[in-house]
1. All other residues with a Cβ under 11 Å from the Cβ of residue 433 taken together, and with Lys, Arg as +1 and Asp, Glu as -1, what is their net charge?
2. Could you order peptides 121-128, 196-203 by the average number of other Cβ atoms within 10 Å of their residues, highest first?
3. I want the local charge near residue 189. Using Cβ-Cβ distances under 13 Å, sum +1 for each Lys or Arg and -1 for each Asp or Glu among the other residues.
4. Sorted from largest down, what three extents in whole angstroms do the Cα atoms of the range 369-447 have along their principal axes?
5. Show 260, 463 ordered by accessible area, largest first, where the area counts protein heavy atoms only and the probe is 1.4 Å.
6. Please list the non-local residues whose amide H lies under 5 Å from the amide H of residue 76, H modeled 1.01 Å from N, same-chain partners needing a gap of 5 or more.
7. For the range 199-342, what are Rg and Dmax over the alpha carbons, in angstrom?
8. Let me check something: with ligands and nucleic acids excluded, how do 298, 363 order by accessible area (1.4 Å probe), largest to smallest?
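The values are calculated or read from the model by the stated rules, or taken from the named source; none is laboratory data. Computed from a predicted model, the values in this text were never measured in an experiment. Quick reminder, even Gly has a Cβ in these numbers, built from the backbone with ideal geometry, and neighbours come from all protein chains shown. What goes into the accessible areas is simple: the full protein's heavy atoms, side chains included, and nothing from ligands, DNA or RNA. Shrake-Rupley method; radii C 1.70, N 1.55, O 1.52, S 1.80 Å.
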Amino acid sequence: MSLTIAYNSTQFSSGKTASKQLKQKAAEFLACTRSTAPLTELLGYLKECLVRKAPITPCLLTLESLFTELLRRNEMRMAVGRSAGVSLENDPQANHKQWLLAQYKEAFVIIVSAMNHEKQQESCQALTTAMKLLVAEAHNPPEASGEGNQFPAARLKQIFIAMLSLERINTHLFNRFLEYTFYLDVIFFSWKMMLSLVPRDGVPSDIFVQNFLLMIGAVAFGKDSLKETDNVLCVPLRGPFDYVYVRKQINKTWSFVMNWPLSEEAHQQLLIVLLEKVLPHLDRPVMLTDFLMDSLDVGGSVSMLALQGIFVLIQQHNLTYPNIYEKLYSMFEPEIFHTKFKARLFYLADIFLTSSHLPEGLVAAFVKRLARLALIAPPQDVVIIMRFVGNLILRHPALKRLIFHPTGGEASCDPFVMEERDPMKSKALESSLWEVAALQNHVLPSVAMAAKFIANPLPSVEWDLSSVLEINENDIFDKEIAKKTKEFALNIERPTGMFGICGGELSSQYWKLF
């Protein structure tokens, strides 16, 4: 929106001085609301700051306290049956209330527009101010009604529209909004208006789609939060939380979202929101099967997240997916070490390969593929792979032949076919874990120690994979430098003194000053 500067604001300074001046101007207006100039100056100064992209936090806090006080005093409340849009020439008090209400609405629009400030700290403050005014309006509505206090749904919709920007992704705003989605009334009215925010004409832009998914993730809820029925931000709900109605809204909204074209970033974000927030509320989760199977073929992080969705459908909804192990096998590529979802892939693979009734050839293929990847993996991932491989051998004792072949012998090349997509045709059982043996000479002691499990008796219980899934290179570095070393060899021969003989020459000659 275009902001018109109403006056010259050179009378306001900067920094703490400006904050003090703004508070004085607000106090001046509250002392005599008939004097309209102070409020006009405050709104004009906020507009000017937005145009200049200057800090707006002092002005936001001032307007927040000012309008909160006006709402508390009922200075803007119109009598029941009298419309705020009708001119009342013979009632100066009503006219003044009309003017105050119009200023409040204009101020709220400006504050909401300030959520697009280029500095995240300022935009988050604008969101906080808008939400505090929403709460104040709910407790002291400016327009009286016979139904008592109501949730200001129109104000909340204004806030959502501003956060659903077409120009930038407002992750910081939705993260701040999470502070309010703890309350049942915010959750209920957010989902009640959600469908009205879905664009019906044309295809939404990628930025809008990502912001919309962020909004769904912010207002989605767990069923445990419904137990605290008195947990409200503004006004108590009329009766218990209507989960049946909200669930219908979630399903209708998600049906629109699933039909939008998705970029790779939006596709990844949609899967995260689906798995972590929306899936428990869907009426027919099995209908997602085709979408998740198509997502498995995308590759990268999208395939990893889709794999988790397939696992949930298999585990909770009896979905049958015969080629799941081939898909899982194909995901173990060098690129996985550079994605933030690699821990999730190892976790899911560990669950899929838990059964001791899987064919040995299948498990052996996973063991060999992981061992081969360990040769090029970062050190922290090598430790994860070693623990994973060790656990698979413990579950399938017959795989010890990869360590100690029953007939022994030598081979000129490794029979394992790394490029084979079908794990059962990879000839893994004919190979050995020479990769793990080579890693026993790794330069990092932690990696070498992890690889030495094949040279020692295997433990009776599996290693705890969760303890190493989240380690990174910084953890390994800190662990190495924390080790205490008593001696450091810096010379070929131990010196006997500062000017003693070292290397066959008298070093004292190099210390002569003249």
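1. Values: positive: 368, 372, 400, 401; negative: 414, 435.
Charge balance in the 11 Å sphere: +2.
2. On the way: 121-128: 20.6, 196-203: 10.2.
Put in order of decreasing packing, that is 121-128, 196-203.
3. Numbers: positive: 155, 157, 192, 238; negative: 185, 242.
The answer is +2.
4. Answer, in whole Å and largest first: 32, 29, 27 Å.
5. Numbers: 260 25, 463 65 Å².
If we order 260, 463 from most to least accessible, we get 463, 260.
6. none
7. According to the Cα coordinates of the range 199-342, Rg and Dmax are 17.2, 55 Å.
8. Numbers: 298 80, 363 0 Å².
Result of the area sort, largest leading: 298, 363.
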